[in-house]
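Before any comments, here is the structure.
The values are calculated or read from the model by the stated rules, or taken from the named source; none is laboratory data. Model, not experiment: these values are computed from the prediction. Note that we place each Cβ from the backbone using ideal geometry, even for glycine, and neighbour counts take in every protein chain shown.
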Amino acid sequence: MGQNKKGHTRKNLVVSPVSIQQLQRLLNVSSESEAVRIAVEDRLLAERLASAADRIAKRGGLVDLFERSAGSRRKPLHAARRRA
């Protein structure tokens, strides 16, 4: 199957028509196809963000350099250098 100008390809999916209509209304879009495209892109973005959060957590998390968060403790400079 060929792609259209936007790079989209027609796919056959088995989905609940009620769910698609609810999604279409929720997203306030004019077509079911557009609703599905947005939902797919949103999910891919969520997965990329979760992956990035996991990588940050594995490196020890974020450091609040300005100590604006309640109860935050700034890590000593020498501790941060040991990790790198």
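Structure values in brief
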read-out: Residue list for the range 29-67, restricted to those being part of a loop (DSSP other than H, G, I, E, B) and either over 19 Å from residue 19 (Cα atoms) or of a type in the set (Phe, Trp, Tyr) (or both); value: 59, 60, 61, 62, 63, 64, 65, 66, 67
read-out: Close pairs (6 angstrom Cβ cut-off, 6 or more residues apart or separate chains): under 14 Å from residue 15 (Cβ atoms) in the range 25-37, modelled with pLDDT of 95 or more and assigned to a helix (DSSP H, G or I) anywhere; value: 32/20; 32/24; 35/23; 35/24; 35/27
